[in-house]
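The values are calculated or read from the model by the stated rules, or taken from the named source; none is laboratory data. Predicted, not measured: the structure shown is a model, and the values here were computed from it. So basically every Cβ, Gly included, is an ideal-geometry build from the backbone, and we count neighbours across all protein chains shown. Quick note on the areas: whole protein, heavy atoms, side chains included, nothing else; ligands and nucleic acids left out. Shrake-Rupley method; radii C 1.70, N 1.55, O 1.52, S 1.80 Å.
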Amino acid sequence: MADRLSPALVGTALAGAVIGSVGAPLITPVATGMHVSLDAAQWTLTVTLFSGAIAGPVLGRLGSGPYRRATILATLALVVAGGLLTVLPLPYAALVIGRGLQGLGVAVGALLMSVARAHLPPERSTSTIAALSVASTVGIGVGYPVISLLDQLAGLRAAYGFGFLLSAVALVIAWRTLPAEAPGEPPRIDVTGAVLLALGTLGILLVIAEPTIWSTPWLAAGLLAGSAVVLAVWAFIELRTAVPLVNLRLLGQGPLLRANLAILVAGAGLYLLFSLFTRYVQTPEDAHYGFALPGVAAGAALIPFSLLGFAAGRAVPRFIARVTERWTYAVSIVIAAASALLFAAGNQSLALVLVAIALLGFAVGGVFAVMPKLVLVGVPPEETASVLSINQIARSIGMAVGSALAGLLLAAATPDGALLPTQNGYLTTALWALPPLAVSALIIATNRSPRTS
């Protein structure tokens, strides 16, 4: 079974990652083709982040018992339905709803990891979980150029059709290969906890991912404070619930707490660099810097990012076997810092920038591949999906912070009346990624937990 199950899990995760990346290259085509503003079109990307993060803990709890296979199949069916909404010639609101449903594919990743942990031998489980964790990295490198090319050749709906096709393929693969679960008590869902966590997470992600909210400071501050209060109430209730949505006592243990905090901080630094590099290579010629790569070529520039991310995912289990999880994480962070420094020093050379992008891909792949090993220390098998879902929320929030921070720093480096930031603004922004990366490495360095099998 392992010979079929492992590639099936990875293939399903890759399809979900590509579907999640569909929105990024199509923001401008959506705005021009559907006659909406760029801010409105941005929601075709933002809503996938929201739905994936918010649905994660609920799906994790549903997938912790005998309904894991049914939960995965039902979620993938919703992703297929969302893909259909993006393809049909319906109003813009239907497109946003469809993209929201497609975001559920991101949340399936934690369930797929729990399947690997439960049904594969330990040595095969470790490598499969590492590959699943870097699926998002590989998916970006595959999705961006293909989606951009399809949009250029056949139009917006054809590009979204690729995501729909992939979701249907993923559903068929999962249906044919996912093993049945042992009978047991159906999971109980803490509905109150789910609603409170969804509201609190949504508020924080909204403040981070939509910087325009800060144009009204009292609204942003109120939303942030309200979200904090909601999450505090959620934590209070969860600690007193017999069957909580998330086992906070388990998450409060040192290794888990440090791992989640580390991915939150590292996600900000890594995604800041990713946002920076992708913007830089597309900078128009009249800026007198950058490379003015069109959409398809800019997407192709991410292929090294994807390939090196996949290579890191394959190498991490072997590297861990020789050293430790902490050293593996530290090496990945050092490589990310090297990519930032290389970009700062060699940004006038396309070859060097592509090398920096490739190094970043290897670093992201390494961080994401080792993270499940760090976060699952002492976690019982039945809590795997729930714990990984919370880690996914931490990663999503960190990435949203990095994206927003990149936009904020580049906006600050844009002279009054100009459309583009200065070249020095890009260099300074790249160096801003170094502090969160260093803090993340220090957080993991303090983790003295025993080696896991």
Residue match in segment 294-308 (condition: farther than 30 Å from Leu419 by Cα and either of a type in the set (A, V, I, L, M) or open to solvent by 60 Å² or more (accessible area, probe 1.4 Å) (or both)): yes
Selection from segment 331-352 of residues that are open to solvent by less than 50 Å² (accessible area, probe 1.4 Å) and farther than 18 Å from Ala268 by Cα: Leu342, Ala344, Gly346, Asn347, Ser349
Unmet criterion (only one of (1) over 22 Å from Thr428 (Cα atoms); (2) not in a loop (DSSP other than H, G, I, E, B); (3) not basic (Lys, Arg)) for Ala242: (2)
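Quick one: would you say Val355 is at pLDDT 95 or above and open to solvent by 10 Å² or more (accessible area, probe 1.4 Å)?
For Val355, the condition - at pLDDT 95 or above and open to solvent by 10 Å² or more (accessible area, probe 1.4 Å) - is met.
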In segment 31-69, the residues that are touching a Phe, Trp or Tyr at 6+ places or on another chain (Cβ under 7 Å) and under 14 Å from Ala110 (Cα atoms): none
Residue tally, condition open to solvent by 70 Å² or more (accessible area, probe 1.4 Å), at pLDDT 85 or above and over 22 Å from the mean Cα position of the chain (by Cα), over segment 196-219: 3
2 or more residues modelled with pLDDT of 85 or more, over 24 Å from Thr28 (Cβ atoms) and open to solvent by less than 50 Å² (accessible area, probe 1.4 Å): qualifying helices (runs of 4 or more DSSP H) within segment 91-195: 104-119, 122-133, 156-177
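So how many residues does segment 39-71 have that are part of a loop (DSSP other than H, G, I, E, B) and modelled with pLDDT of 85 or more?
Adding up the residues that qualify gives 2.
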Checklist (1) closer than 28 Å to Leu62 by Cβ; (2) in a helix (DSSP H, G or I) applied to Thr212, failing item: (1)
Residue in segment 194-206 that is in contact (Cβ under 8 Å) with a residue 12 or more places away in the chain and over 19 Å from Ser51 (Cβ atoms) present: no
Criterion violated by Ser386 - all others in (1) over 16 Å from the mean Cα position of the chain (by Cα); (2) over 19 Å from Val134 (Cβ atoms); (3) surrounded by fewer than 24 Cβ atoms within 10 Å (Cβ to Cβ) satisfied: (3)
